[in-house]
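Report on the following structure.
The values are calculated or read from the model by the stated rules, or taken from the named source; none is laboratory data. All figures in this text were calculated on a predicted structure; none of them were measured in a lab. Cβ coordinates were reconstructed from backbone atoms using ideal geometry, including for glycine residues, and neighbour counts include every protein chain displayed.
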Amino acid sequence: MRHGWPIAVGGAFTLLPAETGFGQGTTARRMLISAARAATLKLANQRAAAMPEAPVLIRAAEPFGLPDARAVADPALDLLHPMKGPFAAEPLDHTAAARAAMELARLAGVLPAFLVDPAPAAAAQAVQPEDLACWQDSARLAIATRAPLPVAAAEDAEIVAFRSADDLREHVALIIGRQDGDRAPLVRLHSECLTGDILGSLKCDCGPQLDAALAAMAGEAAAGGWGVLLYLRQEGRGIGLINKLRAYRLQDQGFDTVDANNRLGFPVEARDFPVAARMLELLGVRAIRLMTNNPAKVAALEAEGVTVAERVPHRLPPNPHNARYLATKRDRTGHLLG
């Protein structure tokens, strides 16, 4: 999908990614879009033809070409292409296949929108909805290697790399201090944030949270305890770097981070917490003291069998660029920020 190849999902239909698809003169009578994008396009009143929160099939008076499809798919282009439609929502007979396609788009980091059964036809990669469940099975994750890694916060750290046979993302854990099976470690789940962790972005609090977590774990180690940082390759809360930057662009148009994600067609929370639980299991960690302001993260880990003995607040002061972002997390996603 990243290369723009079509996929045939569950024998239901052939789908060409609207964002990356190619082909001279390629058109389709229908598109498959997310429920959130359908609502933005004022199709909510036609949702009787679709299942609630399911992807939506739409049809226009004329076939969709790829330029048309991209304008429909990308909300960042709405100001450039304000006149769309009219569209009609059609019944969706293959909901499981459509949901699988939306999830594949998220994993590929492309917009969740497709031309349906495009012409001219091209060879498509066959995919079954159950293939996705197999790929997402966290039991396939294993420790690939580990090595000492002195870091600025702690010279006695060890890095552990994890890999799955079917997933190109390689997650890592940084263990600070001496592992003690009788003592619950201080743990931070930190999702990759290139802009915050590496470039020092002020639009979020990711970089300062990472630094503060490592410093706190070093303090634990100095007092005889230990800590584990799980660095998860889940950029943009699971929607990928490109889509996160698209959300930034929408935020500059006035939308908050929740509405920006929804307008792109993605959930607010798309991170993979089972993989974090599996990493802890492979490290032999059963109970943790979790550094987080997000009660939902506690619940997600406990649902995967991890004992969260304590939630340790991880609040940092806002700056003028991320104050609204933090307020949105407090007011709309339940973060405990005081």
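When restricted to residues that are modelled with pLDDT of 90 or more, over 19 Å from Ala105 (Cβ atoms) and either of a type in the set (Lys, Arg) or not assigned by TED's automatic domain parsing to the domain that holds Ala122 (or both), segment 27-44 contains 1.
Quick check: anything in segment 106-113 more than 23 Å from Glu235 (Cβ to Cβ) and not β-branched (Val, Ile, Thr)? For segment 106-113, residues more than 23 Å from Glu235 (Cβ to Cβ) and not β-branched (Val, Ile, Thr): absent. Among the residues of segment 302-311 satisfying the criterion of being free of Cβ contacts under 8 Å to residues at least 40 places away in the same chain and of a type in the set (A, V, I, L, M, F, W, C), which is farthest from Lys329 (Cα to Cα)? Only one residue fits best here, namely Val306.
Within segment 298-329, the set of residues being basic (Lys, Arg), under 20 Å from Leu210 (Cβ atoms) and either out of contact with any strand residue (DSSP E or B) (no Cβ under 6 Å at 6 or more places or on another chain) or in a helix (DSSP H, G or I) (or both) comprises Arg315, Lys329. Of the residues making up segment 45-64, just one is of a type in the set (Asp, Glu) and either crowded, with 16+ Cβ neighbours inside 10 Å or at pLDDT 90 or above (or both), namely Glu62. Restricting Ala277, Ala247 to residues that are closer than 17 Å to Gln136 by Cβ, assigned to a helix (DSSP H, G or I) and not charged (D, E, K, R) narrows the list to Ala277. Scanning segment 280-297 for residues that are in a helix (DSSP H, G or I) and under 20 Å from Asp180 (Cβ atoms) yields Leu280, Glu281, Leu282. Candidates in segment 98-139 are the residues that are in a helix (DSSP H, G or I) and acidic (Asp, Glu); of these, the one that is nearest to the chain's Cα centre (by Cα) is Glu103.
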